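Only one structure is covered here, and it is reproduced in the block below.
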Amino acid sequence: MQTADLERTLTELDHARLTGLLARMSADGLPPGVEDTAQELLDSVVTVPAQEIDANVVTMRTRVRLVTADGQDMAVVLSYPSESNAAAGQISVMSPLGLSLLGQRTGQSVQWQGPDRIRHEAILAGIDYQPEAAGDYGT
């Protein structure tokens, strides 16, 4: 789904919540490829306590800026599926874009296949807000 030189990192709380979410959503059925991609990601990430996550890592509810391969700027918030609203820039973590962003660091390239079935690529140009960096550890 994406190419990265660094391992992805999640907070222990995000990992636990997303593992539970994936189990619940799998029972209801997920789009082809999403379940496997999400499970592979959750199985391979490094987890750290929320207080130890670097401020340049995309966690749940992080607001990020992307620059696409054609120079377009995008601003999105990584959201839980129940909170997602693509028109408002709230992207579900269980979408191809959401999964490509989760645990990534600023400066990295992310790739995903959109609903248009076209492969997209962008650079994670910046993080405008990360809950943990703002002192919100989700407890």
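The values are calculated or read from the model by the stated rules, or taken from the named source; none is laboratory data. Treat the numbers as computed from the prediction; the structure is a model and nothing was measured. Glycine gets a Cβ as well: all are built from the backbone with ideal geometry, and neighbour counts include every protein chain shown. Surface areas here come from the heavy atoms of the whole protein model, side chains and all, with no ligands, DNA or RNA. Shrake-Rupley method; radii C 1.70, N 1.55, O 1.52, S 1.80 Å.
If you filter segment 112-139 down to residues that are outside any strand (DSSP E or B), open to solvent by 30 Å² or more (accessible area, probe 1.4 Å) and closer than 22 Å to D36 by Cα, you find that the one that is modelled with the lowest pLDDT is P115. Note on segment 4-111: enclosed helices (runs of 4 or more DSSP H) holding 3 or more residues that are farther than 23 Å from A133 by Cα and either out of contact with any His (no Cβ under 7 Å at 6 or more places or on another chain) or of a type in the set (F, W, Y) (or both) are 12-28, 34-44.
The residues listed here are Q113, Q72, Q51; of these, the one that is among the polar types (S, T, N, Q) and touching a Pro at 6+ places or on another chain (Cβ under 6 Å) is Q113. Scanning segment 43-77 for residues that are crowded, with 19+ Cβ neighbours inside 10 Å and closer than 14 Å to R8 by Cα gives I53, V57, V58, T59, M60.
For segment 18-42, the set of residues classified as within 14 Å of P81 (Cα to Cα), open to solvent by 20 Å² or more (accessible area, probe 1.4 Å) and either among the small types (G, A, S) or touching a strand residue (DSSP E or B) at 6+ places or on another chain (Cβ under 9 Å) (or both) consists of G20, A23, S26, G29, listed by residue number.
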